[in-house]
Amino acid sequence: SNLTGNVAPYQKSKTLSERAAWDFVAREGNGLELAAINPVAVYGPVLGADYSHSIRLIANMLEGQPGCLNVSSCCVDVRDVADLHLRAMTD
């Protein structure tokens, strides 16, 4: 991400956090490997009734709630993200 432009705080924090992780590994990793996985909006089966904000948006749409947001984002299945994390750890 180009942090010199107009970047929202949440997106900026994700970029700064990843940069800090790469800097730590370079400085003190002692051979530690790092893989960064940066999925977009993650959706999929939930484990309980305490929904996250993103899952609540989908549930509201499915339940016909008024006032759905104009959301423009790509989506990825949580199971694919989990698979990718496993692959990053083992390959």
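Readers should treat all values here as calculations from the given coordinates under stated rules, not as data from a laboratory. The shown structure was predicted, so the numbers you read here are calculated from the model rather than taken from an experiment. Don't worry about glycine lacking a Cβ; one is built from the backbone with ideal geometry, like all the others, and counts go over all protein chains shown.
Here is how the numbers come out for the structure above:
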quantity	calculated
Space enclosed by the convex hull of the alpha-carbon atoms of region 39-91, per residue, Å³	86
Order of 3, 47, 16 under a 10 Å beta carbon neighbour criterion, fewest first	47, 3, 16
Computed label-point distance, nm, for sites residue 62 and residue 50 using a 7 Å Cα→Cβ extension	2.0
GNM top mover of 21, 59, 35 - the chain, alpha-carbon springs below 10 Å	59
Derived scalar couplings ³J(HN,Hα) [region 3-19; Karplus, 6.51 cos²θ - 1.76 cosθ + 1.60; whole Hz; x for Gly, Pro]	7, 7, x, 8, 10, 5, x, 5, 5, 4, 5, 5, 5, 5, 5, 5, 4
Farthest toward positive dipole pole in the chain [+1 Lys/Arg, -1 Asp/Glu at C-beta], among 30, 88, 7	7
Angle between the chain longest axis and helix 53-62 axis [Cα atoms, degrees, rounded to 10]	30
Paired Rg and Dmax values of the chain, which use every Cα atom, in angstrom	17.0, 54
